[in-house]
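So the structure is just underneath, and the comments pick up after that.
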Amino acid sequence: MIIFYYILSSFSIILYLYSFFPVNKNFAQKHELPSTLQDINFDLKEVYASNVDKIIVIVIDALRYDFITRDNTPNLLKLLETDGCLSLVKVESPTVTLPRIKALTTGSVPQFIDVVLNLLNTESATDSIIHQAVRYGKKIVFYGDDTWLKLYPNIFLRSEGTTSFYVYDYTEVDDNVTRNVWDELSRNDWDIMILHYLGLDHIGHITGPFSPLVKPKLQEMDEIVKKSTI
Ligand SMILES: *[C@@H]1O[C@H](CO)[C@@H](O)[C@H](O)[C@H]1NC(C)=O
């Protein structure tokens with residue numbers, strides 16, 4: 001009988017580990033873009049042809065849905081009126097930086113193992129919009145949370161990481177991003193600019209979402225949105 005319990009307990013431990021740290025069924029990094037969907041063939045060049053010259057992706061960490069108001073973010077709302085969409089996203093745990101960036105760039109659901117990897121320097125081997133863009137000759141510049149540089153090392157044309165280590169700093173961490181934005185807007189050698197602002201998240205951590213510090217920070221972010229949409 002005792003041997004039966006041994007087998008049963010080993011089995012349940014293995015089952016637990018397998019579910020908690022699932023084997024990563026990643027896409028290969030050089031995944032081809034599909035040229036057919038069910039029976040329909042389409043011309044890749046036409047479908048994936050770019051409608052714009054430049055793309056700017058701005059990640060504002062900890063931006064709550066209810067922070068988007070006429071008072072806080074007038075320019076963003078104005079932009080939404082003409083060519084935008086505001087959508088509420090339900091975020092699955094774990095909500096630490098690395099798994100979330102992975103989710104944004106790879107479209108995959110983050111796993112608990114990513115929380116462990118969040119603390120280590122790990123390069124993402126999963127296929128992602130970053131890899132695909134570079135593969136198709138797009139030049140990317142990056143400024144903001146240095147987790148991106150750990151996930152995607154040696155992939156950006158230019159970059160500067162900011163550290164989220166000093167949670168009490170919500171000014172310099174964003175100023176270090178913004179000063180690069182002004183430089184980049186006058187340059188013409190890049191196609192995609194990614195920015196990841198941490199200041200709002202840091203304010204949330206120190207003083208909570210109803211702090212008087214939130215509004216000026218949102219207005220600062222809103223000004224950047226305005227200047228980036230030329
Ligand atoms: C901002 O940039 C300065 C100068 O490069 C650097 O010394 C500082 O550590 C940076 N701050 C953060 C929070 O990344």
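The values are calculated or read from the model by the stated rules, or taken from the named source; none is laboratory data. All values reported here derive from a predicted model rather than from experimental measurement. Cβ sites come from the backbone with ideal geometry, for glycine too, and all protein chains shown count toward neighbours. Ligands, DNA and RNA are excluded from the accessible area calculation, which covers all protein heavy atoms including side chains. Shrake-Rupley method; radii C 1.70, N 1.55, O 1.52, S 1.80 Å.
For the range 184-200, taking the residues that are closer than 25 Å to V52 by Cα and among the hydrophobic types (A, V, I, L, M, F, W, C), the one that is surrounded by the fewest Cβ atoms within 10 Å (Cβ to Cβ) is identified as L185. When the criteria are applied in full, G161 meets the requirement of being within 16 Å of the ligand (Cβ to nearest atom), out of contact with any Ser or Thr (no Cβ under 6 Å at 6 or more places or on another chain), at pLDDT 95 or above and more than 23 Å from L218 (Cβ to Cβ). If the condition is being touching a strand residue (DSSP E or B) at 6+ places or on another chain (Cβ under 8 Å) and either closer than 21 Å to I224 by Cβ or open to solvent by less than 60 Å² (accessible area, probe 1.4 Å) (or both), then the range 128-138 contributes I130, A133, V134. Put simply, of V225, V181, V167, V177 the only residue that is among the aliphatic types (A, V, I, L, M), within 12 Å of the ligand (Cβ to nearest atom) and open to solvent by less than 30 Å² (accessible area, probe 1.4 Å) is V177. Taking the criterion of being under 12 Å from I194 (Cα atoms) and of a type in the set (V, I, T), the residues of the range 130-150 that qualify are I130, I140, V141. Being of a type in the set (A, V, I, L, M) and either within 10 Å of the ligand (Cβ to nearest atom) or not in a helix (DSSP H, G or I) (or both) is the filter here; which residues of the range 128-158 pass it? Once the filter is applied, which keeps residues that are of a type in the set (A, V, I, L, M) and either within 10 Å of the ligand (Cβ to nearest atom) or not in a helix (DSSP H, G or I) (or both), the range 128-158 yields I140, V141, I155, L157. In the set V91, V96, V47, V59, only one residue is β-branched (V, I, T) and either modelled with pLDDT of 85 or more or buried (at least 17 other Cβ atoms within 10 Å of the Cβ) (or both); that residue is V59. Filtered by the rule that a residue be surrounded by fewer than 13 Cβ atoms within 10 Å (Cβ to Cβ) and either at positive phi or touching a residue at least 40 places away in the same chain (Cβ under 8 Å) (or both), the range 206-222 gives G208, P209.
Would you confirm, using the coordinates I've provided, whether S124 is open to solvent by less than 20 Å² (accessible area, probe 1.4 Å) and in a loop (DSSP other than H, G, I, E, B)? Against the criterion (open to solvent by less than 20 Å² (accessible area, probe 1.4 Å) and in a loop (DSSP other than H, G, I, E, B)), S124 qualifies. Applying the criterion of being modelled with pLDDT under 75 and open to solvent by less than 100 Å² (accessible area, probe 1.4 Å) to the residues of the range 31-44, the residue that is farthest from H131 (Cα to Cα) is L33. The residues in the range 63-72 that are under 21 Å from the mean Cα position of the chain (by Cα) and open to solvent by less than 50 Å² (accessible area, probe 1.4 Å) can be counted, and the count is 2. Restricted to the range 16-30, and to residues there that are open to solvent by 90 Å² or more (accessible area, probe 1.4 Å) and at pLDDT 75 or above, the residue that is nearest to A133 (Cα to Cα) is Y18.
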